[in-house]
Amino acid sequence: MKRRYLSHYLWRRAQSIDELAGMARRRLPAFAWEYVHGGAEDEITLGDNRRAFSAWGFQPRTLVDVEDRNSQTTLLGQPAAMPLAIAPTGYNGMLWKDADIALARAAASRNIPFTLSTVSCNSLEAVAEAVPDARLWFQLYVLDDQAVRDDMLARAQAAGAETLLVTTDTVVLGRREWDARSFVNPRRLGLPYLVDTALHPQWAWRALWPQGLPTLGNLMKYLPKEQQSAASAASFINQRMSRRLTWETLTEIRERWPGKLLIKGITNATDAREAKRIGADGVVVTNHGGRQLDGAPATLDALPEVVDAVGEDLHVLLDSGIRRGSDIAKAVALGAEGVLCGRATLYGLALGGEAGAAHALDLLRDQLHNLMAQLGRPTLDQLTPACLRRTPYVAVGSDAPNRSGSRSPAGESPGDLP
Ligand SMILES: Cc1cc2nc3c(=O)[nH]c(=O)nc-3n(C[C@H](O)[C@H](O)[C@H](O)COP(=O)(O)O)c2cc1C
C-alpha cells in the first residue's frame, strides 16, 4: 500500500525505492524528474525491465537456520558488502550540489563500488580527493578525439579508478521524447519549464545555490574558456561521441587500460563472446535503463544467455530495473555476480543528498537480507535457479510508461546528454 506524504521531509521514513521515487517526483521540477525517470520513445523497454523481474517468483525452503544472513561478496575480485554497485549516471548535479561526491560517499560508507560517469558534474580528480576511501569505477563514453580519450584514461588511472566501464549502447542518443519537450535546443529550458523550475525553490536551493547550473567537470579541460557552460559541455559530448566505435576500438582501449575492463551494453551471447575475445574482464548486461533502444530485451531475460556464453570466464553484472532487494536476488540466482543501480540511488540523492542515497542503499540491503531469510537461503551462494519459479501473474511496480503528456513531433531529439 502506497502512502501519500504531505511533506517533502519524510523521505527517511520511506520503505521502498518506489516510495522514494514518488517523493522525488514532488521535490523536483518536471524537467529534472523526467530526465531521471524517463525512458526512450514508448518506454516499452523501461516497463519490460520491471515486468521481467515480476515474472519470477520464489521457491522458499523452510526450517532452515537463518540467524546469520550474509550478503558479503566479491565484485571483480574485491570485497563488497552486497552484490551491488552504483551505476554511472550523468548530470547528477541537476539533482543535488556536488552530487557525484555525495553518491561516492554513500557508496563508500556502505562498502560498495561507485561508478563515475564521463558526463559527471564533479570531476574524477574532485571525487578522488573528496572521497579517498571510495572504490572508484570510471565509465567512459568513447569520443572521436583519441587524444581526449587517452587523456581521460590517464586521468582515471591517476585518480585511482580500479575498473573502467566502456559504454557501448550510446553511439547515438536514444529518442527521449520527454527531453525534447523540456528543452529548446541547445539544452535551454522552454518557458513553461522555466516557470515550473521557479516553483521549486527547495530544489533550487539544494541543487543550484549559489553556483547555478552545474557544468560537466570531466570535460572542462577540453573546452575553450567561453564554452564551459553546462549547455556547451553537453553539446560537445553529443557532437564528439564516436559513431565509429567498434571492437577494434575496444581492443585499443584494452591495450591502454591496465585495470579491470567491463563492457557496458551487452544483451546477447554473440557480443558477450566478442568481449571475451578482446580481453575484457567482464560485461554489464544492460539496456541503459530503457533510455536507449526502445524494444531492446529486458536485461533479466537476456542474462541467462550471456551467463551461458561467458559466465565461466568473465564477470557478468546486470543493470536496468533494480528497485528491490528481491531484484538483486533474482539476478544473482540467474547467474549475475552482482548488479548496478542507477535511478534507485538517484531518487534518494534528489531528496537527501548523500544521506538520501545511503537510505536507498540501506533499503536495498535490508530487503535483500529479509528476503534471504524468508527464502531459507542465508548466503548468496545458495541463490540459484532452484530458488526461483515462473509466475503467471501480472506485473506491479512503478515503471509503467509514465506520462500522458503529448509526444514530441518527429525529427531529431534536441536532448543531448547521454
Ligand atoms: C539519469 C540517468 C543518467 C545516466 N547516465 C549514464 C551515463 O552517463 N553513462 C552510462 O553509461 N549510463 C548512464 N545511465 C544508465 C545507467 O548507467 C544504468 O545503465 C541505468 O540507470 C540502469 O537502470 P536503472 O536506472 O533502472 O537502475 C544513466 C541513467 C540514468 C537514469
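Per DSSP H run of at least 4 residues, take -39500 (n - 2.57); add these up for the chain, divide by its residues and hand me the 222 nm value, nearest 500 deg cm²/dmol.
-12000 deg cm²/dmol
More than 35 Å apart: what percent of Cα pairs in the chain qualify? Mind dumping the intermediate values first?
On the way: 19008 of 87153 pairs.
Everything past 35 Å amounts to 22 percent.
Return the lysines within reach of LYS330: Cα separation strictly under 23 angstrom, same-chain partners fewer than 8 residues apart disregarded; answer none if there are no such residues.
Within the straight-line limit of under 23 Å, LYS330 reaches these lysines: LYS264.
Top to bottom by accessible area (1.4 Å), largest first, where do GLU177, GLU125 land? Display every interim value, and only then the final one.
Working: GLU177 25, GLU125 80 Å².
Result, largest first: GLU125, GLU177.
Starting with the highest mean, order 334-340, 79-85 by the number of other Cβ atoms within 10 Å, averaged over the residues of each peptide.
On the way: 334-340: 24.6, 79-85: 21.9.
Result, highest mean first: 334-340, 79-85.
Just tell me which lysines come within less than 28 Å, Cα to Cα, of LYS225; anything on the same chain fewer than 8 places away is out.
Qualifying lysines at Cα under 28 Å: LYS97.
Which helices of the chain meet both criteria: a Cα extent of 27 Å or more along the helical axis and a mean Kyte-Doolittle score no lower than -0.5, with helices taken as whole DSSP H segments? Working shown, then result.
Details: long enough: 343-375 (33 Å, 0.26).
Those that clear 27 Å and a mean of -0.5 are 343-375.
Rolling a 1.4 angstrom probe over the protein heavy atoms, how many square angstrom per residue are accessible across the chain?
On a per-residue basis, the chain sits at 41 Å².
State the antiparallel share, in %, of DSSP beta bridges confined to the chain, rounding to the nearest 5.
Details: 9 of 37 bridges.
The antiparallel proportion sits near 25 percent.
Please name whichever of THR73, GLY93, GLY217 sits farthest to the positive end of the charge dipole of the chain, dipole taken about the Cα centre and charges placed at Cβ: Lys and Arg +1, Asp and Glu -1.
The Cα lying farthest towards the positive end belongs to GLY93.
Which whole-number value in Å³ per residue fits the convex hull of the alpha carbons of segment 233-340?
On the way: hull volume 13.8 nm³, N = 108.
Cα convex hull per residue, to the nearest whole number: 128 Å³.
If you average the C-alpha positions of segment 20-61 and of segment 88-142 separately, how far apart do those two centres end up, in angstrom?
22
In square nanometres, what is the average projected area of the Cα convex hull of segment 48-102? Show your work: numbers first, answer last.
Values: hull surface 29.0 nm².
Its Cα hull, projected and averaged over all orientations, spans 7.3 nm².
How big is segment 104-188 by Rg and Dmax over its Cα atoms, in Å?
Cα radius of gyration and Dmax of segment 104-188 are 15.1, 41 Å respectively.
Lys/Arg Cβ at +1, Asp/Glu Cβ at -1, dipole of segment 218-353 taken about the Cα centre: which of VAL284, MET241, GLY353 is farthest positive-ward?
GLY353
Roughly how many percent of the accessible protein surface of the chain is carbon and sulfur, given a 1.4 Å probe and a whole-percent answer? Numbers along the way, then the final one.
Values: 8870 of 17300 Å².
After summing per-atom areas, the C and S share lands at 51 percent.
Can you tell me the dipole magnitude for segment 101-185 around its Cα centre, using point charges on the Cβ only (Lys, Arg +1; Asp, Glu -1), in Debye to the nearest 20?
Numbers: 8 positive and 11 negative charges, 76 e Å.
For segment 101-185, the charge dipole is close to 360 debye.
If you put +1 on each Lys and Arg Cβ and -1 on each Asp and Glu Cβ, how big is the dipole of segment 199-323 around its Cα centre, in Debye rounded to 20? List each step's numbers first, then the result.
On the way: 15 positive and 14 negative charges, 139 e Å.
Value, rounded to 20: 660 debye.
Given charges of +1 on the Cβ of Lys and Arg and -1 on the Cβ of Asp and Glu, with all other atoms neutral, how large is the dipole of the chain about its Cα centre, in debye to the nearest 20? Before the final figure, lay out the partial values.
Values: 47 positive and 47 negative charges, 256 e Å.
Its charge dipole is roughly 1220 debye.
Expressed in nm to one decimal, what extension gain is obtained for the pair TYR9 and ASP144 from 0.36 nm per residue of sequence separation less their Cα-Cα distance?
Values: separation 135, 0.36 × 135 = 48.60 nm, distance 4.45 nm.
Computed gain between TYR9 and ASP144 is 44.1 nm.
According to a simple spin-label model (label point 7 Å from Cα along Cα-to-Cβ), what is the distance in nm between ASN370 and LEU191?
Calculated label separation equals 4.9 nm.
Ranked highest first by the average count of other Cβ atoms within 10 Å around their residues, in what order do 134-146, 216-228 fall?
Details: 134-146: 21.4, 216-228: 15.8.
Per-residue mean Cβ counts within 10 Å order the peptides as 134-146, 216-228.
Given R₀ = 25 Å, what would the calculated FRET efficiency be for ASP313 paired with ARG389, taking r from the Cβ atoms and rounding to 0.05? Please report the intermediate quantities before stating the final value.
Numbers: r = 29 Å, r/R0 = 1.16.
Once rounded, the FRET efficiency stands at 0.30.
Given contacts defined as C-alpha pairs under 8 Å and at least six residues apart, what's the relative contact order of the chain, whole-number percent? Write out the running numbers ahead of the final one.
Details: 838 pairs, mean separation 120.8, N = 418.
Taking the mean separation of contacting Cα pairs over the length of the chain, I get 29 percent.
The values are calculated or read from the model by the stated rules, or taken from the named source; none is laboratory data. The structure displayed is predicted, hence computed values, not measured ones. Counting neighbours? That spans all protein chains shown, and the Cβs are built from the backbone with ideal geometry, glycine included. When the accessible area is computed, the model is the full protein with side chains, heavy atoms only, and any ligands, DNA or RNA have been set aside. Shrake-Rupley method; radii C 1.70, N 1.55, O 1.52, S 1.80 Å.
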